[in-house]
1. What distance in nm separates the simple spin-label points at residue 274 and residue 444, each placed 7 Å from Cα in the Cβ direction?
2. What ranking do 88-95, 153-160 get when scored by the average of other Cβ atoms within 10 Å per residue, highest first?
3. Rounded to the nearest 20 debye, what is the charge dipole size of the chain about its Cα centre when +1 sits on each Lys and Arg Cβ and -1 on each Asp and Glu Cβ?
4. List every DSSP H helix in the chain whose Cα atoms extend 20 Å or more along the helix's own long axis and whose mean Kyte-Doolittle hydropathy is at least -1.0.
5. Any idea of the accessible area per residue across the chain, 1.4 Å probe, to the nearest Å²?
6. Any idea what log10 I(q)/I(0) is at q = 0.15, 0.20, 0.24, 0.31 Å⁻¹ for segment 408-449, Debye with uniform C-alpha scatterers and no solvent?
7. Expressed as a rounded percentage, what relative contact order does segment 331-455 have, with Cα pairs under 8 Å and six or more residues apart?
8. For the pairs 268/339; 112/153; 112/215; 78/268; 112/202, note any where the Cα-Cα span goes beyond 19 Å.
Amino acid sequence: MNYISTRGVAPDLTFEQAMLTGLARDGGLYVPSEVPAMSTGEIAALANLPYEEVAFRIMRPYLGDTFTDDEFREIIAKAYAGFGHAARAPLVQLGAGHFLLELFHGPTLAFKDFAMQLIGQLFQTSLTRSGDRVTIVGATSGDTGSAAIEAFKGLDAVDVFILFPHGRVSEVQRRQMTTPSEGNVHALSLTGHFDDCQAKVKDMFNDFAFRDEVKLAGVNSINWARVLAQVVYYFTSAVALGAPHRKVSFTVPTGNFGDIFAGYIARKMGLPIDKLVVATNQNDILHRCLSTGRYIPDGVIPSISPSMDIQVSSNFERVLFDAYGRDGSAVSQLMDELKGGGFTVSQGALEHLQALFLSGRASEEETSATIARLRETTGELLCPHSAVGAKVAEDHLDPAVPMITLATAHPAKFPDAVEAATGIRPALPPRMADLFDRDERVTRVENDLAEIEQFIRGNITN
Ligand SMILES: *Cc1c(COP(=O)(O)O)cnc(C)c1O
């Protein structure tokens, strides 16, 4: 299987190349040339298997000959060994026909661990074999950076530098980035906003001399390997509720469209998903686009679900590519229009999208009220992102089809919003209860490219 760019110009790549490259050279995103189908019998056979075995069966067809079966099994085993729940992604029930898929039992308490832990092991195995090394740089508003540092710490083929906006991430998120002591991971606290961090990362990739010198690589949410890792829990949860003999629906708290795109892939592979619902907070560009066809960014308003505060939802390009019949030049044109302020999806493409996705938004008040109400009626404490999902899911319940809402972070990762809604300050799981006692290691940097590049040059390990 090859990987092709959504802009139709960059060369086709293997799985390994697409994983190590991230963004295509024509600015596009890599997608598989075809999506492998699973038969009803193959899906039914997933019932009651360990998470790792399902992960192997779902992802194996996408890898080509990048890894042997034994290598890949070992990669998966290492990736999920550090999770705090034997089921990895357990389901709990919220109400009649409504279930919560807990994706927050990984080492940094957010669903991003599912993809990042796997990609850490994929990189390490691939680079060890080739004798190469890379330097990963990333910008974060909190969850991606902590997941990346946790996934790559101590791996000898990789150095990691994460830029986060000084004073603008939660204390739990900061400590998750600053307390790992391994010498190959570095948290850089930058004077500025998240957008400044992201701009600096972009500048480094555009500084070709620097990029080649330190062998820059990226692991942001457009990396295909990250999407692939997220396909697995759609299968484990749907099968637990009776698929393929019964349909299920999903509601997904959405920002960059990576998580829900994985659900779209699961359905393409043959999983009988009825509704796939995009849930947004007050930054509702995706909900507006799916309703009207107009994709026009108009400024992020900070919310209590900050990991969904997005302007430009990068993975949306992947589904646009399919909606436009895999016409890379049409996608290129939309992305050019986006630079000029926005675009309108064609009528045909909009109908295609509306047949695939439903959508809804939850206001700040609705999100807080949902956290409080579910605490009372179920005893569950939801993080604000998961609560956005639960609220939108409730608007789409159908007595005939179970609904699964993805819980994307642990409530203790966003304790202020949860406490404001319920009066209860959620506790960290026992295995990380000492987070606030651990020593922090962080480098303060100015919003200055030369200074940041100099720091990276001086701190790469080989
Ligand atoms: C990243 C994140 C999201 C959004 O996921 P996307 O794949 O970007 O749509 C939602 N909730 C939490 C807690 C996150 O960290």
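1. 5.6 nm
2. 153-160, 88-95
3. Numbers: 40 positive and 56 negative charges, 116 e Å.
Value, rounded to 20: 560 debye.
4. Values: long enough: 112-130 (27 Å, -0.03); 224-240 (26 Å, 1.04); 364-378 (21 Å, -0.98).
The qualifying helices are 112-130, 224-240, 364-378.
5. Normalised by residue count, the accessible surface of the chain is 38 Å².
6. For the requested q values the scattering log ratios are -0.57, -0.75, -0.85, -1.06.
7. In percent, rounded to a whole number, it is 18.
8. 268/339; 112/215; 78/268; 112/202
The values are calculated or read from the model by the stated rules, or taken from the named source; none is laboratory data. Owing to the predicted nature of the structure, the values given are computational and were not obtained by experimental measurement. Counting neighbours? That spans all protein chains shown, and the Cβs are built from the backbone with ideal geometry, glycine included. Accessible surface is based on the protein model in full, side chains and every heavy atom, while ligands, DNA and RNA are left aside. Shrake-Rupley method; radii C 1.70, N 1.55, O 1.52, S 1.80 Å.
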